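Student: Here you go, one structure.
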Amino acid sequence: MYVFCAQMKIPFFIDQPKRHDHTLTLFPRQASLTCNICGLVNKLHLTYICPICDFVAHSDCIYIPQTIRISRHHHRVSFISSLPFEEKSCGVCRQMLDSDYGAYICKGCSGFVAHIRCALRSDIWDGKELEGVPEEVEEDDVESFKRIADGVILHFSHRHHLYFEISGVYNGNKFCQACALPVNEGNLYVCVGCDFILHETCADAPRRKVHPLHPHPLKLIFYEDNCFHCKACWRTSTAFGYRCINHNCKYMIDIVCASTAEPFDYQGHRHPLFLSLDPKEKPMCHICRSTKDKKVLNCIECDFIVCFECATLPYMIRYKHDEHYLTFCHGDEASDSDWCELCEGKLAIGGKEGFYECKDCCTTLHINCLLGPDPYLMVGQRLPVPNGEIFFRHNNYTTRPFCSICNIRCPYPTFVSYIKDMFISYILCSSKHLKTRYHH
């Protein structure tokens with residue numbers, strides 16, 4: 001026995017009427033006994049039993065909260081000692097529950113239920129016991145704009161009125177201010193006084209929401225002179241993002257990742273996707289083959305897994321030299337004859353990178369060649385950095401500039417101009433090179 005464990009004051013008897021009617025007695029030995037509360041066997045926790053009715057409980061399960069709010073459901077959920085139905089899957093891990101053991105269940109809508117351990121995960125539950133706490137007026141789904149007239153809104157992020165338009169013409173030089181992605185054909189809100197544009201779906205994004213990736217509510221914000229790293233896909237963004245309302249929490253995700261919900265309808269897969277994997281796992285994305293610390297979506301009907309970086313890429317997108325939409329394809333769909341029209345390089349056959357293809361014209365493009373490595377950085381924006389500032393520019397000059405790190409011409413649609421000490425200017429093809437220049 002560890003010295004720390006030997007010095008602990010361990011109660012031999014526990015009275016907790018919320019969990020059991022009788023006094024519970026410490027079981028003095030480690031044993032493979034299934035806890036009646038969580039339904040699991042865990043030898044690392046002290047075990048208490050009821051000699052009268054054969055009830056077993058882990059020491060930490062005895063004091064679990066009665067009523068909580070979790071990120072995977074829009075109502076509060078409450079503990080129930082056994083389920084009134086037999087067949088039901090957990091709303092977190094999507095595995096079946098055993099009706100003989102405890103669970104958290106929604107009393108407002110009978111469809112949601114979750115394992116005890118799943119509901120109490122630190123990335124699911126905010127740690128607050130809500131039993132006896134009055135329900136607050138929910139502020140989720142608050143609109144981000146005021147409707148001035150039919151087809152006219154005033155968005156919180158812009159001082160001018162925005163007018164509804166249906167765009168039927170692709171313009172590769174116009175970008176949505178919220179997601180930073182190109183404006184294709186579709187519904188838009190446009191400012192007639194400046195170049196401010198929002199996709200209709202981005203304009204409709206609520207000012208506040210609860211997202212399944214984070215236990216605290218998130219608030220929609222935009223930075224005019226700063227950038228952030230999305231905690232879901234780990235891309236750098238200068239566009240809109242959702243930030244945790246808890247001042248002690250730095251969590252933030254971009255507006256594209258925040259738009260995901262369960263079940264997620266990914267166009268590149270025939271089944272719906274969920275956030276059902278344990279966060280301790282490091283699964284491999286089936287598209288980019290990465291096992292980095294990025295959030296993933298998985299299919300519960302087959303073994304398909306896709307990371308947020310790949311799942312949130314535009315599935316269909318326009319290219320200025322093709323009259324059709326290009327569709328996202330997996331790397332294993334490339335053939336020996338496929339090459340990128342922009343860089344003229346070969347596609348990685350069966351490799352870890354997807355690509356875009358026009359099925360009608362047989363046009364194929366690397367992802368980075370079409371979108372760039374920083375698709376969520378707004379062109380034209382200036383940001384202060386140590387000893388200077390950076391400026392994001394379109395790479396549409398007659399002669400492409402040389403990257404100061406790669407020593408080749410910048411191949412992507414955008415590049416970064418880094419001005420250091422007000423005199424020395426570096427050209428960088430990607431924001432990933434900024435850390436290198438900070439140390440020079």
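Student: Computed over the Cα atoms of region 382-438, what is the ratio Rg over Rh, Rh following Kirkwood? Show your work: numbers first, answer last.
Tutor: Values: Rg = 10.6 Å, Rh = 11.3 Å.
Here the Rg-to-Rh quotient is 0.94.
Student: Cys406 versus Val41, label points 7 Å from Cα toward the beta carbon: distance in nm?
Tutor: Here the modelled spin labels are 5.5 nm apart.
Student: While we're here: Take Tyr163 and Ser32, extend 7 Å from each Cα along the Cα→Cβ direction, and tell me the distance between the two endpoints in nm.
Tutor: 7.4
Student: Hey, what's the Cα Rg ratio for the chain versus the globular rule of thumb, 2.2 N^0.38 Å?
Tutor: Ratio of Rg to 2.2 N^0.38 Å for the chain: 1.19.
Student: For the chain, what relative contact order do you get, as a whole percent, if you take Cα pairs closer than 8 Å and at least 6 residues apart?
Tutor: 8
Student: Of Glu357, Glu389, how do they rank once you tally other Cβ atoms within 10 Å and put the fewest first? Mind showing how you got there, number by number?
Tutor: Values: Glu357 19, Glu389 15.
So the ranking, lowest neighbour count to highest, is Glu389, Glu357.
Student: Longer than 29 Å from Cα to Cα, which of Lys294/Lys420; Lys174/Lys280; Lys128/Lys219; Lys292/Lys346 are they? Say none if no pair is.
Tutor: Numbers: Lys294/Lys420 32 Å; Lys174/Lys280 40 Å; Lys128/Lys219 20 Å; Lys292/Lys346 25 Å.
Cα-Cα > 29 Å for Lys294/Lys420; Lys174/Lys280; rest within.
Student: Averaging sequence separations of C-alpha pairs under 8 Å and six or more residues apart, then dividing by the length of region 316-371, give the relative contact order as a whole percent.
Tutor: Working: 97 pairs, mean separation 19.0, N = 56.
The normalised contact order for region 316-371 reaches 34 percent.
Student: A further question on this structure: Taking 30 Å as R0, compute the FRET efficiency from the Cβ-Cβ separation of Phe391 and Lys359 and round it to 0.05.
Tutor: Calculated transfer efficiency: 0.20.
Student: Let me ask something else about it. Counting only other residues whose beta carbon sits under 15 Å from that of Ala232, what net charge do I get with K and R as +1, D and E as -1?
Tutor: +3
Student: Right, here's the next one. Given the Cα-Cα distance of Gln95 and Asp195 and 0.36 nm per residue of separation, how much length would full extension add, in nm? Working shown, then result.
Tutor: On the way: separation 100, 0.36 × 100 = 36.00 nm, distance 4.87 nm.
Between Gln95 and Asp195, full extension yields an extra 31.1 nm.
Student: Follow-up. Can you compute the modelled spin-label distance between Asn173 and Ser110, with each label point 7 Å from Cα toward Cβ, in nm?
Tutor: A separation of 6.1 nm, rounded to one decimal place.
Values quoted throughout were computed directly from the atomic coordinates according to the rules given, and no laboratory measurement underlies them. Just so it is clear, the structure is predicted and the values come from calculations on it, not from any experiment. Every residue, glycine as well, gets a Cβ built from its backbone with ideal geometry; the counts of neighbours run over all protein chains shown.
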